[in-house]
Amino acid sequence: MSDISDHKKPSLREWLTSDAPTSRRQAKFSAYYRSWLALRSNPMAMFGLLILLFLLAIAAFAPIISPHDPFAQDLALRLSAPGENNYILGSDSLGRDILSRLIYGSRITLYIVALVALMAPIVGLFVGTAAGYLGGWVDVVLMRITDIFLAFPRLVLALAFVSALGAGIENAVLAIVLTAWPPYARIARAETLTIRNADYIHAIKLQGAGALRVITKHIWPLCISSLVIRVTLDMAGIILTAAGLGFLGLGAQPPSPEWGAMISAGRQFILDHWWVATMPGLAIFTVSLAFNLLGDGLRDVLDPKKSGK
């Protein structure tokens with residue numbers, strides 16, 4: 001019996017927290033678990049994460065939890081105050097339920113955030129690592145292009161691109177991506193300049209690895225954590241930029257329940273019927289705050305400079 005107890009299989013928690021991992025797989029999952037424990041110990045980051053998970057649930061179950069059709073108009077009940085006529089958050093100038101439009105508008109917000117978060121860092125990663133690793137004239141040309149994009153305010157540049165491409169949510173996403181990638185390129189270039197002269201990179205080159213293999217297999221993975229931090233912190237700015245385009249009528253088009261467009265439609269009633277513009281404004285504020293709180297927590301967990309202190 002003592003032999004059986006001595007060789008008892010470790011629990012999942014013991015396996016994840018082991019100081020002496022026996023395989024690469026165990027070491028990887030152990031690092032993920034320790035990062036999660038560090039993030040979980042930050043109450044503000046967890047608060048932001050809970051808000052974003054709540055937003056995901058709302059977007060996923062919008063048809064079920066929405067009390068009204070977000071596009072249905074009832075002019076007899078227009079500009080109803082919160083709590084009146086079965087409108088929890090009131091109705092807008094066309095008698096549409098504001099709560100239902102906010103619920104469906106969360107889908108548009110997440111759609112924009114997801115596309116920009118997938119596209120902009122990838123473009124920046126390509127440009128930054130190529131400039132940092134290849135150096136020379138490639139570095140000069142790519143970084144000067146990056147500087148040109150950084151010289152313009154993001155919203156102004158996005159307005160220029162949307163004006164050229166035409167109004168619409170897809171064109172708005174493309175315009176935001178074209179204005180959002182330069183900071184990621186800067187970060188990726190800085191990381192690459194730090195990594196490219198490391199001894200293990202020289203050893204990989206001596207084994208015959210080409211530039212493409214070195215960049216994709218050994219430099220990109222080390223840039224991911226810095227980019228993830230930047231993406232999370234940038235989400236608030238991206239949401240505000242998308243809302244700004246919608247406010248100006250260059251993003252999602254009516255009758256789409258986009259939060260920025262809802263604020264634009266309610267700005268003329270702000271004094272007498274404050275809820276029409278205030279409710280979508282509070283939604284934008286809450287989601288932006290959640291991304292900032294989560295981004296701060298991820299920075300504390302993933303930033304190697306802080307973790308090394």
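The values are calculated or read from the model by the stated rules, or taken from the named source; none is laboratory data. Computed from a prediction, not measured in an experiment: that's the story for all the values here. Here the Cβ positions follow ideal geometry from the backbone for every residue, glycine too, while neighbour counts run over all protein chains shown.
The residues listed here are 285, 247, 291, 269; of these, the one that is under 23 Å from the mean Cα position of the chain (by Cα), touching a residue at least 24 places away in the same chain (Cβ under 8 Å) and either under 30 Å from residue 111 (Cβ atoms) or surrounded by 14 or more Cβ atoms within 10 Å (Cβ to Cβ) (or both) is 291.
For residue 27, the stated conditions do not hold, so it cannot be described as at pLDDT 75 or above and small (Gly, Ala, Ser). When segment 24-43 is filtered for residues that are surrounded by fewer than 13 Cβ atoms within 10 Å (Cβ to Cβ) and either of a type in the set (Lys, Arg) or touching a residue at least 24 places away in the same chain (Cβ under 8 Å) (or both), the ones remaining, listed by number, are 24, 25, 28. Take the conditions closer than 30 Å to residue 256 by Cα and surrounded by fewer than 19 Cβ atoms within 10 Å (Cβ to Cβ) and apply them to residue 126. Does it pass? Taking the combined requirement at face value, the residue does not satisfy it. Whenever a residue of segment 216-239 is among the aromatic types (Phe, Trp, Tyr) and modelled with pLDDT of 85 or more, its partners that are assigned to a helix (DSSP H, G or I) and crowded, with 17+ Cβ neighbours inside 10 Å, lying with C-beta atoms within less than 7 angstrom and at least six residues away or across chains, give the pairs 220/125; 220/129.
Among the criteria (1) charged (D, E, K, R); (2) surrounded by fewer than 12 Cβ atoms within 10 Å (Cβ to Cβ); (3) touching a helix residue (DSSP H, G or I) at 6+ places or on another chain (Cβ under 9 Å), the one residue 69 does not fulfil is (2). Residue 134 satisfies every condition listed in (1) surrounded by 15 or more Cβ atoms within 10 Å (Cβ to Cβ); (2) under 27 Å from residue 251 (Cα atoms); (3) modelled with pLDDT under 90 except (2). Restricted to helices (runs of 4 or more DSSP H) entirely inside segment 22-115, those with at least 3 residues that are more than 25 Å from residue 267 (Cβ to Cβ) and touching a Leu at 6+ places or on another chain (Cβ under 7 Å) are 24-40, 43-60.
Every listed requirement among (1) of a type outside the set (Asp, Glu); (2) free of Cβ contacts under 8 Å to residues at least 40 places away in the same chain; (3) under 30 Å from residue 273 (Cβ atoms) is met by residue 168 save one, (2).
For a quick check of your reading of the model, give me the residue pairs whose first member lies in segment 47-66 and is touching a residue at least 40 places away in the same chain (Cβ under 8 Å), whose second is surrounded by 13 or more Cβ atoms within 10 Å (Cβ to Cβ) and among the charged types (D, E, K, R), with beta-carbon atoms closer than 7 Å and at least 6 apart or on different chains. So the pair list comes out as 59/107; 62/107.
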